[in-house]
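Presented below is the structure to which this report refers.
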Amino acid sequence: MKLLILNANLVNEGQITQTDLLVEDGFIAQISPNLSGRSADRVIDAKGQYLLPGVIDDQVHFREPGLTHKANIHTESMAGVAGGTTTFMEMPNTVPNALTQELLQDKYDIAARTAMANYSFFMGASNDNLDEVLRTDPRTVCGIKAFMGSSTGNMLVDNEQVLDNLFRHSPMLIATHCEDEATVRANNERFKAEYGDRGTAALHPLIRDEVACLKSSSLAVELAKRHNTRLHILHISTAEELALFRNDIPLAEKRITAEVCVHHLWFDADDYERLGNQIKCNPAIKAPHHRAELLKGLLDDRLDIIATDHAPHTRAEKEQSYWQAPSGLPLIQHSLLLMLDFVRQGKLDIQTVVRKMAHAPAECFQIDRRGYVREGYWADLVLVDPNQTTPVTDESVYYHCGWTPLAGQTFTNAVTHTIVSGELVYERGQFLVERAGKRVLFVR
């Protein structure tokens, strides 16, 4: 299929330029302001709209296999596409946990049949599967995921010798969830004894506190420096952790990188009163000053990537008491719009949004020919109308769980078209194909 986009305001590599773009056989064939005479199967006049590289979300939980009453790869990637995400990297704490190469391959097989967006899956680490981890192919898998706190199943890696061996021998990037388990458990017991059935989500940032985050992140950084490991710390949530990261060298030279998630930038602890368990997540959304400092860390490049940690649960699960309700919230359908609202508010510029949500993930994970709008690259593209709004309701989401903590919000931009690997997948509220995603490859 040949697709021609005309008169777009292309946001790419720090510049905004008005141009046309031709997509052919899955790739960007030509970028030029003078393509209006070219023949194509489909022409889109994008006058007044932004053309962006598709969002690459390096941290999602799509719940398949084993937890499909909450979500599945098809529905959640569909929601992602509707919000401008064209590539996702999914976590291994499904059921069964992806702790063997065979179980990891099962997830790739499901995605090949059902994914609307491009996909990769992390190999899971545990206290007893180092041999399996070392079999992972760096060219075809995004990374190794290590839960250094707060995990389900057999995925908590809390054995110090195992961690040392993992960091010493890993053939590729290790992505870590960093919360000190002993600190969290001690806090949990103390607050449970004090509050009992009166406990609410407002306790969450006190139980999963700054000390737990900093202690675990510091250990991960120390291990990575000891072994020169390629480390990526997920969902940084505290001001204190920012001191662990550098901004004096280019991203391509960093051996230790960090991510911030949209909910830690958008919400703060004051929102528990209104939203309760809906925004209960790990690590916790914390006091307002952390949100302000995280934005500063994003702007000065101590934080490299914006992601979602999209993690759906059913409404019934979330409506349980604080102690029983699971952690995680669904976000992928609105992550780009959240950050474009920050642009409207003057907190970010649109070039930074593109850099942190597309360019940086591609560079950080060394993705093959994605994340930029360049001739010869895969055509993963999003058109955004800055003159159209997007009202959010529970009924407007494509998540299998059927709810969003953003209900009632109206965003000041709208995603109108999403192109995945050269295929027009989404157009003004309509999905044009059943699946479109391709397996992401890496240049390592």
Of the candidates L156, L173, the one satisfying the condition of being crowded, with 17+ Cβ neighbours inside 10 Å and more than 21 Å from K254 (Cα to Cα) is L156
*asked:* Just to be sure before I move on: is S216 farther than 24 Å from I73 by Cα, touching a residue at least 24 places away in the same chain (Cβ under 8 Å) and surrounded by 15 or more Cβ atoms within 10 Å (Cβ to Cβ) in the structure I sent?
replied: yes
Those residues of segment 100-138 which are under 26 Å from M78 (Cα atoms), in contact (Cβ under 8 Å) with a residue 40 or more places away in the chain and not in a helix (DSSP H, G or I) amount to A115, M116, A117, N118, Y119, S120, F122
Per the list (1) assigned to a loop (DSSP other than H, G, I, E, B); (2) open to solvent by less than 10 Å² (accessible area, probe 1.4 Å); (3) over 30 Å from P312 (Cβ atoms), residue check on L22 breaks on (1)
Counting only residues that are buried (at least 18 other Cβ atoms within 10 Å of the Cβ) and either among the aliphatic types (A, V, I, L, M) or in a helix (DSSP H, G or I) (or both), segment 84-99 contains a total of 4
Note on segment 171-208: residues touching a helix residue (DSSP H, G or I) at 6+ places or on another chain (Cβ under 7 Å), part of a loop (DSSP other than H, G, I, E, B), closer than 23 Å to A258 by Cα and in contact (Cβ under 8 Å) with a residue 40 or more places away in the chain are E179, R208
Exactly one of R63, R42 is touching a residue at least 60 places away in the same chain (Cβ under 8 Å) and surrounded by fewer than 17 Cβ atoms within 10 Å (Cβ to Cβ), and that residue is R42
Worksheet item: Based on what the data block shows, is Y119 surrounded by fewer than 24 Cβ atoms within 10 Å (Cβ to Cβ) and either of a type in the set (G, A, S) or under 19 Å from the mean Cα position of the chain (by Cα) (or both)?
Response: no
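Results for (1) surrounded by fewer than 20 Cβ atoms within 10 Å (Cβ to Cβ); (2) hydroxyl-bearing (S, T, Y); (3) modelled with pLDDT of 95 or more; (4) in contact with a Ser or Thr (Cβ under 7 Å, 6 or more places away or on another chain), shown as yes or no for each residue.
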residue: Q324; (1), (2), (3), (4): yes, no, yes, no
residue: M357; (1), (2), (3), (4): no, no, yes, no
residue: C364; (1), (2), (3), (4): no, no, yes, yes
residue: L381; (1), (2), (3), (4): no, no, yes, no
residue: D385; (1), (2), (3), (4): yes, no, yes, yes
residue: V392; (1), (2), (3), (4): yes, no, yes, yes
residue: W403; (1), (2), (3), (4): yes, no, yes, no
residue: A407; (1), (2), (3), (4): yes, no, yes, yes
residue: V420; (1), (2), (3), (4): no, no, yes, yes
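The values are calculated or read from the model by the stated rules, or taken from the named source; none is laboratory data. Small disclaimer: the values here were computed from a predicted structure and weren't measured. Heads up, the Cβs are rebuilt from the backbone with ideal geometry, glycines too, and the neighbour counts pull from every protein chain shown. The accessibility values were calculated without ligands, DNA or RNA, using every heavy atom of the protein model including side chains. Shrake-Rupley method; radii C 1.70, N 1.55, O 1.52, S 1.80 Å.
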